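> Got a structure here, written out as structure tokens. Questions coming.
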Amino acid sequence: MSVRLNYHVPAGTQLMTGGRSFFLYPQICGVYRAEDVATGRSETWTADQFLDRSSRPDASRSYHNVRGSLASARIQTGGLFHRDQLNAKGRDTVKLRKALMVGIEALEAEGLKITGPALAKLQNRRKLRDIAQPHYPDRPIWITPRGGSTRECVIECAIMPMGRSLQGYWTRYVDAGFDEMALADQNWLKGNRTPRIHWRVRELIDQAIDEVHLDLKRPQISVALSRLETLTTSENERRAVLEQSELTCVTHKTVSDHVDMINATALAVARDGERAATNARTRGSTDTRALMIGEDVEVDECKLSVLTPVRKTGFWTVLSAEDKEALEELEEYVTSRLWLVLVLDVATRMPLGWTLADAPNHEATLDALRMATRSKEREKIMCGCDCDPMPAVGLACVAHDNGSGLRNGAVKTALLGAVAQVVDVRAYHSGDTPFVERMWSTMESQLIKLLHGYTGRKAGHLKGYDAKKNAVIFREELFRLITRYLIDEYPYQNHYGTTVFGRSPIHVATQLAEEGWAIAVPSPQNRRLHLGWRKEAMITDEGVKVFGLPYNFPELQKFRDSTKRKVTVFCDPDCVNEVTVIVEGPPTPICVDLSWTEMRDMTIPEVLAHYEELRRNDPANLKDTRVRLARLR
């Protein structure tokens, strides 16, 4: 058996919900008549409808209209219904007077008639103080101020008003239905409220500010004032024809105050545009976007604010013999800014993969994604890191913006093939991928700005510092520094972002890993098929050969004598031990092994570098005497 309550609602109760306000009047049979304050239309609500509307998160009930009075109307004039809407002095005043009203109510219960002379008697004031003091523990209540200056007395203690003032407060308090806000003074309504500046002059001030001061060149207020004087003169000529009074131009301080009233967001929209203002002043993220490692991953690319020297290549063949002889012993350098592609896990704030590129492209993005789904022990050893990097994780959802290296067919196809959801966020909306966007500022302030060749955040940021002359960090050294920062430094710093609560990213990752909250890593064959490199080769007796590496397997030799010997080979650039071969016709891919055992456990870039080292001494230059004699024989 369930109990169904029929709540008592006093007539005249005001209910505010959903941006609308209603006066409620109970009727017979448990229904309510609701009058819309704005339109005056009446509605009939059942008890269930009343409970549903009054229990909404934005619902608010007030009983100020239950007993109509001048005091309740006075409260509603300013739109202030809660003590916290007042300033500190106003809240203290209401608290003191509310305590005194409790004392007056106790005196009335003892049989005292509440009048001004009665509340002015010393005996009654002492009783009133003793009752009110526990309800106002902030400062001692004094019955009468001592002689001399009362400035220090007001700071150290609270002075009880005189008898007639207390009677006036009590009357307002009772008429308002014992609402404490009836005791507040409306000091903000004091003074002359007549506008001193003509409404047309205000329009001209706005016009002058819009036309001059909000320009992208950001001129001074004095320029806007000159424009205002011109507009005022033209307006006075028009008003003279209509026989209207002449307008007076305002001073520099008035225009300056008018500009100060423009908030920072409106100023950013006017000068930088809505798109830039939205990107710079967007709200943050206070939601739990991921609970598992790899559940939500953000990818972004950024042009680093540091110059790196790069050797000029491709110009030697076009030089004359004299220029080659003169420049043979010299090394020419140019400087360039590299791009960093970063993959960041949202649940732990741990960096999963990163790579440097000359320009944003899909190869660099796929390289960072492959790094996220594999072990990073190689980078740890090569870069001399002391701590362990983040292990390989799977990717369930990948969010990125419209960067040229991110939003393209090659990246989307690879991620969808790896069973990852792709989320395209809006351009110039940093709030859509806030975690990786914030990571750039953290890295720049802690690492990039400390490097030689730092260019600054914007043009002219570092005056007197020549970034080109100080560019001495090569690409390999820059990657080594970034890797050591992302493995040894950043994961062990306290993070105060949403859901982290001051823990370090490595601590969060360790806790989630121990509880088994991580996305499974894709299989090696899936990594090769969707994230690897694609090549075409012919099947021979030795198998297939890609990048100069031979691969073979007995299953592959069955197609040696087939008419369709041309196959597609997918290889993992980070591991050359196996490749996947797709033969036209059979539905199952074939995994073949590397038959050149000396090259096992190497990467394709390392293999190509090894080839380059072996071929560096070309016998065709005929500089070696033994080579020349051999050719003569």
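The values are calculated or read from the model by the stated rules, or taken from the named source; none is laboratory data. Everything quoted here is computed from the prediction, not taken from an experiment. Using ideal geometry, Cβ is built from the backbone for each residue, glycine included, and neighbour counts are taken over all protein chains shown. Protein only, heavy atoms only, side chains kept; ligands, DNA and RNA dropped before computing areas. Shrake-Rupley method; radii C 1.70, N 1.55, O 1.52, S 1.80 Å.
> Picking from 39, 44, which residue would you name as being part of a loop (DSSP other than H, G, I, E, B), open to solvent by 90 Å² or more (accessible area, probe 1.4 Å) and hydroxyl-bearing (Ser, Thr, Tyr)? Steps first, please.
Working: 44 fails: part of a loop (DSSP other than H, G, I, E, B).
On inspection, the qualifying residue turns out to be 39.
> Please work out if residue 96 is modelled with pLDDT of 80 or more, more than 21 Å from residue 177 (Cα to Cα) and part of a helix (DSSP H, G or I). So that I can check it myself, show each step before the final result.
Working: modelled with pLDDT of 80 or more: yes; more than 21 Å from residue 177 (Cα to Cα): no; part of a helix (DSSP H, G or I): yes.
Judged against the criteria, residue 96 is not a match.
> Which residue is farthest from residue 268 (Cα to Cα), if the candidates are limited to the stretch 208-222 and must be open to solvent by 70 Å² or more (accessible area, probe 1.4 Å) and either outside any helix (DSSP H, G or I) or of a type in the set (A, V, I, L, M, F, W, C) (or both)?
Narrowing the stretch 208-222 to residues open to solvent by 70 Å² or more (accessible area, probe 1.4 Å): 210-211, 216-218, 220.
Okay, now just the ones that are also either outside any helix (DSSP H, G or I) or of a type in the set (A, V, I, L, M, F, W, C) (or both), so 216-218, 220.
Details: 216: 10, 217: 13, 218: 12, 220: 16 Å.
Applying the filter and picking the extreme gives 220.
> Please state which one of 117, 26 is open to solvent by 30 Å² or more (accessible area, probe 1.4 Å) and at pLDDT 90 or above.
On the way: 26 fails: at pLDDT 90 or above.
Only one candidate passes the filter, namely 117.
> Select from the stretch 522-547 the residues that are at pLDDT below 90 and part of a loop (DSSP other than H, G, I, E, B) and write down the one among them that is least open to solvent (accessible area, probe 1.4 Å).
Across the stretch 522-547, the extreme among qualifying residues is 541.
> Confirm whether residue 130 is open to solvent by 50 Å² or more (accessible area, probe 1.4 Å) and either at pLDDT below 90 or touching a strand residue (DSSP E or B) at 6+ places or on another chain (Cβ under 6 Å) (or both). Full working, then the answer.
On the way: open to solvent by 50 Å² or more (accessible area, probe 1.4 Å): yes; either at pLDDT below 90 or touching a strand residue (DSSP E or B) at 6+ places or on another chain (Cβ under 6 Å) (or both): no.
For residue 130, the condition - open to solvent by 50 Å² or more (accessible area, probe 1.4 Å) and either at pLDDT below 90 or touching a strand residue (DSSP E or B) at 6+ places or on another chain (Cβ under 6 Å) (or both) - is not met.
> Is there any pair linking a residue in the stretch 11-27 that is at positive phi to one that is open to solvent by less than 50 Å² (accessible area, probe 1.4 Å) and not in a strand (DSSP E or B), with Cβ under 8 Å and at least six apart or on different chains, and which?
So the pair list comes out as 12/65.
> What is the residue count in the stretch 468-499 for residues that are open to solvent by less than 60 Å² (accessible area, probe 1.4 Å) and not in a loop (DSSP other than H, G, I, E, B)?
So the answer is 11.
> Taking the stated definitions as given, is residue 465 out of contact with any His (no Cβ under 7 Å at 6 or more places or on another chain), loosely packed, with under 15 Cβ neighbours inside 10 Å and in a loop (DSSP other than H, G, I, E, B)?
yes
> Being open to solvent by less than 90 Å² (accessible area, probe 1.4 Å) and over 17 Å from residue 528 (Cβ atoms) is the filter here, so list the residues in the stretch 604-616 that pass it. Let's see the steps before the verdict.
Restricting attention to the stretch 604-616, the residues satisfying the condition of being open to solvent by less than 90 Å² (accessible area, probe 1.4 Å) are 604-611.
Scanning the stretch 604-616 gives 606, 608, 609, 610, 611.
> Is at least one residue of the stretch 500-516 outside any loop (DSSP other than H, G, I, E, B), farther than 28 Å from residue 341 by Cβ and touching a residue at least 60 places away in the same chain (Cβ under 8 Å)?
No, that holds for no residue.
> I've got another one for you. Among the residues that make up the stretch 170-180, is at least one of them polar (S, T, N, Q) and farther than 23 Å from residue 113 by Cβ? It would help to see each step written out before you state the result.
Here is the first cut: in the stretch 170-180, the residues polar (S, T, N, Q) are 171.
Keeping just the survivors that are farther than 23 Å from residue 113 by Cβ gives none.
Taking every residue of the stretch 170-180 in turn, none turns out to be polar (S, T, N, Q) and farther than 23 Å from residue 113 by Cβ.
> Let me ask something else. Please go through the stretch 173-192 and pick out each residue that is closer than 19 Å to residue 96 by Cβ, part of a helix (DSSP H, G or I) and either at pLDDT 80 or above or among the acidic types (Asp, Glu) (or both).
173, 174, 180, 181, 182, 183
> With the requirement that a residue be at pLDDT 65 or above, in a helix (DSSP H, G or I) and touching a strand residue (DSSP E or B) at 6+ places or on another chain (Cβ under 8 Å), what does the stretch 133-162 give you?
133
> Find the residue count for the stretch 453-499, including only residues that are over 15 Å from residue 339 (Cα atoms), in contact with a strand residue (DSSP E or B) (Cβ under 9 Å, 6 or more places away or on another chain) and of a type in the set (S, T, N, Q).
Residues that pass the stated criteria total 1.
> What are the residue pairs meeting all of these: first residue in the stretch 599-618, first residue touching a residue at least 24 places away in the same chain (Cβ under 8 Å) and among the β-branched types (Val, Ile, Thr), second residue in a loop (DSSP other than H, G, I, E, B) and open to solvent by less than 100 Å² (accessible area, probe 1.4 Å), Cβ atoms under 9 Å, and 6 or more apart or on different chains?
From residues that are touching a residue at least 24 places away in the same chain (Cβ under 8 Å) and among the β-branched types (Val, Ile, Thr), the pairs are 603/573; 603/574; 604/547; 604/573; 604/574; 607/547; 607/548.
> Can you find a residue in the stretch 587-603 that is closer than 18 Å to residue 532 by Cα, among the acidic types (Asp, Glu), surrounded by 13 or more Cβ atoms within 10 Å (Cβ to Cβ) and more than 45 Å from the chain's Cα centre (by Cα)?
Looking through the stretch 587-603, at least one residue is closer than 18 Å to residue 532 by Cα, among the acidic types (Asp, Glu), surrounded by 13 or more Cβ atoms within 10 Å (Cβ to Cβ) and more than 45 Å from the chain's Cα centre (by Cα).
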